[in-house]
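What follows draws every value from the coordinates through simple rules; no lab data is involved. Treat the numbers as computed from the prediction; the structure is a model and nothing was measured. Counting neighbours? That spans all protein chains shown, and the Cβs are built from the backbone with ideal geometry, glycine included.
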Amino acid sequence: MKNEDHHDIPGTYVLDGEHSRNGYHLNMFCMSLNKAENREALRAGEVTYLKRFPMTEEQRQAVLSRDWLGMLRLGGNIYYIFKLAIFDGLNMQQLGALMSGTGMTEEEFKKMMMNGGRRIDGNRSKSEAHSG
């Protein structure tokens, strides 16, 4: 499978070179949360703290509104984005449920994962959805 083929999988954001470059400043913001003084600065004022990072306005809004899928779409790396989720007091299962885009609860997400994950029907490729 060629790397471009991954772009045909619904809900998949491939962190290739271009995507990584687009998300660099967003990811560096998230990485900054490793330091206690940066977490305190974020708590003191998110808008002011975010000005330290030359993110796009769309990335900045995704952070402020905690649009988790939006951050992925805009170049965020899940391992870095999770640092912001931890800052907000979320665990991975809670974040997974929020990122599902279905409104499922944490318990529903856990159950789905324990049962083997999301069903593959309709999730194999975008072209599959158009071809029936």
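Note down the net charge around PRO54, summing +1 for each Lys or Arg and -1 for each Asp or Glu among other residues with Cβ under 15 Å from its Cβ. Spelling it out: positives minus negatives among the neighbours equals +2.
Taking other residues whose beta carbon is less than 11 angstrom from the beta carbon of ARG73, and scoring Lys, Arg as +1 and Asp, Glu as -1, yields -2. In order along the stretch 40-57, the Karplus-derived 3J(HN,Hα) couplings, from 6.51 cos²θ - 1.76 cosθ + 1.60 at θ = phi - 60°, round to 5, 5, 5, 4, 5, x, 4, 4, 5, 4, 5, 5, 5, 10, x, 6, 6, 4 Hz, and Gly and Pro are given as x.
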